[in-house]
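Read through the structure below, which is laid out as structure tokens, and then see the notes.
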């Protein structure tokens, strides 16, 4: 079996630009991956079908609703790939979970994308990368981005990807992992209550470019990245979860830090004004986080594309 890495992503920026008629939302996101990752083992065979097994040695566990082959995103991605590109291929998958579920870190989506990346390079179907991205888009909003995995803008429901050039070195941040999770459907229901007049047409995000006539920003300065940090779902997260609200308020009082929620929560991330961050700042952050029922992991942001990335066309 070949071992794969499925990294956690964070939304540096998430702006809701409209509400679609099908109930989903138009989004403008600036994403990047971290060194927190699930581990996956995968092999192919001539025996038809997809099998799934968990290696329960990681920091997290597969949630009950995605622990079965028919419901797990990684196994669904394998089946979708086989059906589209190589009917009759058998695939065995084992997953060690380190990314918590319900945290906005894209763990299940990253597992699915890792499987798609592996199958793309091992099967080598006679198809364009665009076809793989279309398959990914049918499975989940974060999966197209996670085929790439570097600093990138994702739009629509995540299916339109624009890599962002950068020469930034790996940057240490804190991931704040609450002991509670937030179900995405319930969170968006809360968001709709708070934004009843949100328009149906797709709007624009003033700090991220849109359209062929606009040049892609080159973000070589960490300050330029940090000034774009924003999450439109934060009011809904704070309204839905008093614990999230209290933890966020406390963490934002720490000097020399910038903290935000990723995705639809519950996880948060913190950038530091100094790199590496002073020990006193780290200790204060950990004390505040633990006092509000959260665990802190120090991880690196990796700005470049994944080693096995499938580049969008």
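Please give the FRET efficiency for residue 59 paired with residue 283, using the beta carbon to beta carbon distance and R0 = 25 Å, rounded to the nearest 0.05.
On the way: r = 22 Å, r/R0 = 0.87.
Taking R0 as 25 Å, the efficiency between residue 59 and residue 283 is 0.70.
With everything on Cα atoms, drop me the angle between helix 129-139 and the longest principal axis of the chain, reported from 0 to 90° to the nearest 10.
That helix lies at roughly 70 degrees to the long axis.
Can you give me the angle between helix 184-194 and the longest principal axis of the chain, using Cα atoms only, in degrees from 0 to 90, rounded to the nearest 10?
40
From a point 7 Å beyond the Cα of residue 48 in the direction of its Cβ, which residues of region 105-147 have a backbone N at a distance under 18 Å?
Correct set: none at all.
So for each of 193-204, 298-309, 30-41 I average, over its residues, the number of other beta carbons within 10 Å; can you give me the resulting order with the highest mean first?
On the way: 193-204: 11.8, 298-309: 17.2, 30-41: 22.6.
Final packing ranking: 30-41, 298-309, 193-204.
Label residue 218 and residue 313 with points 7 Å out from Cα along Cα→Cβ: what is the distance between them in nm?
If labels sit at residue 218 and residue 313, their model points lie 2.8 nm apart.
From the helices alone, meaning DSSP H stretches of at least four residues, give me the mean residue ellipticity at 222 nm for the chain, per-run term -39500 (n - 2.57), in deg cm²/dmol to the nearest 500. Could you put the intermediate results ahead of the total?
Details: 9 runs with 91 residues, N = 313.
It comes out at -8500 deg cm²/dmol, rounded to the nearest 500.
Using 15 Å as the cut-off for backbone N distance, which residues of region 82-108 belong to the label zone defined by a point 7 Å from the Cα of residue 3 along Cα→Cβ?
94-98
Between residue 71 and residue 258, 0.36 nm times their residue separation minus their Cα-Cα distance comes to what? Spell out each step's value before the answer.
Details: separation 187, 0.36 × 187 = 67.32 nm, distance 3.63 nm.
This chain segment gains 63.7 nm when fully extended.
Here are labelled values, (i) 42; (ii) 61; (iii) 49, and one is the computed percent of Cα pairs over 27 Å apart for what I pasted. Which one?
Computing percent of Cα pairs over 27 Å apart and matching it to (i) 42; (ii) 61; (iii) 49 gives (i).
Determine the gain in length on full extension of the stretch residue 134-residue 239; use 0.36 nm per residue of separation and subtract their C-alpha separation, reporting nm with one decimal.
34.3 nm
Which order do the peptides 268-274, 1-7 take when ranked by the mean count of other beta-carbon atoms within 10 Å per residue, highest first? Mind showing how you got there, number by number?
Working: 268-274: 20.3, 1-7: 17.7.
Those peptides, ordered most packed to least, come out 268-274, 1-7.
Please work out the FRET efficiency for the pair residue 22 and residue 193, using the Cβ-Cβ distance as r and a Förster radius of 30 Å; give the result to the nearest 0.05. Intermediate values should be presented prior to the final figure.
Numbers: r = 19 Å, r/R0 = 0.62.
Given R0 = 30 Å and the Cβ-Cβ separation, E is 0.95.
Could you sort the peptides 181-188, 19-26 by per-residue average Cβ neighbour count (10 Å cutoff), highest mean leading?
On the way: 181-188: 16.2, 19-26: 13.8.
Descending packing order for the listed peptides: 181-188, 19-26.
On a 0 to 90° scale, report how tilted helix 107-123 is relative to the longest principal axis of the chain, with both axes built from alpha carbons and the result rounded to the nearest 10.
Tilt of helix 107-123: around 40 degrees.
Computed from the coordinates by the stated procedures, all read-outs in this text should not be read as laboratory data. On a predicted model such as this, the values are computed, not experimentally measured, just so you know. Reconstructed Cβ throughout: ideal geometry from the backbone, glycine too, with neighbour counts over all protein chains shown.
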